[in-house]
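Worksheet: one structure, shown below.
The values are calculated or read from the model by the stated rules, or taken from the named source; none is laboratory data. Everything numeric here is computed off the predicted structure, so don't read it as measured data. Glycine gets a Cβ as well: all are built from the backbone with ideal geometry, and neighbour counts include every protein chain shown.
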Amino acid sequence: MSDRKIGMWLYQNGGGDIIQKKMVKKLKERDIKVITGLNLRNAVAKNKNIICTSSDTGKEVKVNNLDLFFSYNAGEQTQYQIFLYQALNRVIPMLNSYASFSLTEDKFQTSFLLRQHGVQTADYKLCHRDSSSHLIKVLKEWGKMVYKPTDGWGGLGLTKIENEAALDMLMPFLNQMDLRFLYVEKFIKYDNSDFRVDIVDGEFVSCYGRKANGNDWRTNITSGGSVFVRDASDEVIEIAKRAAEVCGTAIAGVDIIYDEEKEEYVVLEVNGIPAFATPEQEKMGLDFNDKKIDLIVNMIDRESQKN
Ligand SMILES: Nc1ncnc2c1ncn2[C@@H]1O[C@H](COP(=O)(O)OP(=O)(O)O)[C@@H](O)[C@H]1O
Ligand SMILES: [Mg+2]
């Protein structure tokens, strides 16, 4: 296996640039050349080729001729890129695979599949937008629920609905938004903290916790939450591994909370592009970056031989 060439698009903020340098060096040691800065946003598809100019070298690359493409930039992902991601993964290996990436971009699709495979998630209901009256019944059954955009992130757009008045308030907004469906989850009673468990290639990488800020019930950093050092029990690790396996995400960040009423762990979502620890978080003691890099490099080495 000589002359292997892979493409990479990795976020550069929050220490991503340092991670990329380490990864490129380790791949080079294995005779794998890396072309970085391949933002498909700048790509043009032309007959049999998808041509992308690397923002690092300024050179044009036929990405469909690469041995693998590593796509790892949640923040800058656009619809156009996802469209090309789908096409590209029909012809070359990608990490994560398009199938698993697009699955985990959608909370309903993920919860449905996890449940099929016996992985506990928050109880949810999905209905057609015209069946909104159904939600009144659901609210009566559950007491409290959370409305979620199925493709959201960072806790944005999540709305806690505690009574019928709150539901009445929300409905006109939802009707305005031209949605195809409504997705709600039972509001889980928990201690406002979660476990973020990273799994790469079926192996446990790390666990840390996030805690909601003040009266907020969302643990997202974007919603004011904070990260803390937290160990995972074997049970939590097993659940995360199973969730990653079911979703087919070679790289996964599994969000887990503990349901105090049902007395069980619940998977809230699977993230297909879980961030590495930032330099500040590393100082706090989140020291998993090197292990994660090694597991990803191993996987790239193995998968890039398959084309
Ligand atoms: N069903 C629920 N019950 C209670 N809290 C929830 C529920 N779903 C989400 N949360 C809280 O909201 C946060 C964001 O929800 P999540 O489904 O992970 O969406 P996002 O993609 O925006 O992060 C979670 O980290 C958790 O703290
Ligand atoms: Mg989340």
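Here is how the numbers come out for the structure above:
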quantity	calculated
Condition check for I221: surrounded by fewer than 21 Cβ atoms within 10 Å (Cβ to Cβ), at pLDDT below 95, aliphatic (A, V, I, L, M) and under 19 Å from the mean Cα position of the chain (by Cα)	yes
Any pair with Cβ under 9 angstrom, 6 or more apart, that starts in segment 130-155 at a residue that is farther than 17 Å from F187 by Cα and ends at one that is more than 10 Å from ligand 1 (Cβ to nearest atom) and assigned to a helix (DSSP H, G or I)	S132/L167; S132/M171; S132/L174; S132/N175
Number of positions in segment 188-199 that are of a type in the set (D, E) and in a strand (DSSP E or B)	2
Residue identified as surrounded by 14 or more Cβ atoms within 10 Å (Cβ to Cβ), among the acidic types (D, E) and either at pLDDT 95 or above or in contact with a Pro (Cβ under 8 Å, 6 or more places away or on another chain) (or both) among D294, D290	D294
Count of segment 200-217 residues which are within 16 Å of ligand 2 (Cβ to nearest atom), outside any strand (DSSP E or B) and either without any contact (Cβ under 8 Å) to a residue 12 or more places away in the chain or under 18 Å from Y265 (Cβ atoms) (or both)	2
Unmet criterion (only one of (1) more than 16 Å from ligand 1 (Cβ to nearest atom); (2) touching a residue at least 12 places away in the same chain (Cβ under 8 Å); (3) farther than 11 Å from V205 by Cβ; (4) over 17 Å from the mean Cα position of the chain (by Cα)) for Y258	(1)
Within segment 145-170, tally of residues that are exposed (fewer than 15 other Cβ atoms within 10 Å of the Cβ) and away from ligand 2 (no atom under 16 Å from the Cβ)	6
Within segment 30-79, strands (runs of 3 or more DSSP E) holding 3 or more residues that are β-branched (V, I, T)	32-35, 49-53
Residue satisfying condition, being farther than 16 Å from G248 by Cβ, modelled with pLDDT of 95 or more and within 16 Å of ligand 2 (Cβ to nearest atom), within set T121, T110	T121
In segment 180-199, the residues that are of a type in the set (D, E) and either near ligand 1 (Cβ under 8 Å from one of its atoms) or free of Cβ contacts under 8 Å to residues at least 40 places away in the same chain (or both)	E185, D194
Hits in segment 200-216 - residues which are within 11 Å of ligand 1 (Cβ to nearest atom) and either of a type in the set (K, R) or under 22 Å from N96 (Cα atoms) (or both)	R210, K211
First in segment 34-58 and assigned by TED's automatic domain parsing to the domain that holds V91, second anywhere and modelled with pLDDT of 95 or more and acidic (D, E), Cβ under 7 Å, 6 or more apart	T36/D56; G37/D56; I51/E60; T53/E60
In segment 224-238, residue surrounded by the most Cβ atoms within 10 Å (Cβ to Cβ) [restricted to those that are among the small types (G, A, S) and either in the same structural domain as Y147 (by TED's automatic domain parsing) or within 16 Å of ligand 2 (Cβ to nearest atom) (or both)]	G225
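For every residue, the table says whether it meets (1) assigned by TED's automatic domain parsing to the domain that holds V227; (2) closer than 29 Å to E185 by Cβ; (3) surrounded by fewer than 21 Cβ atoms within 10 Å (Cβ to Cβ); (4) not charged (D, E, K, R).
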site	(1), (2), (3), (4)
A244	yes, yes, no, yes
G248	yes, yes, yes, yes
Y258	yes, yes, yes, yes
G272	yes, yes, no, yes
Q281	yes, yes, yes, yes
G285	yes, no, yes, yes
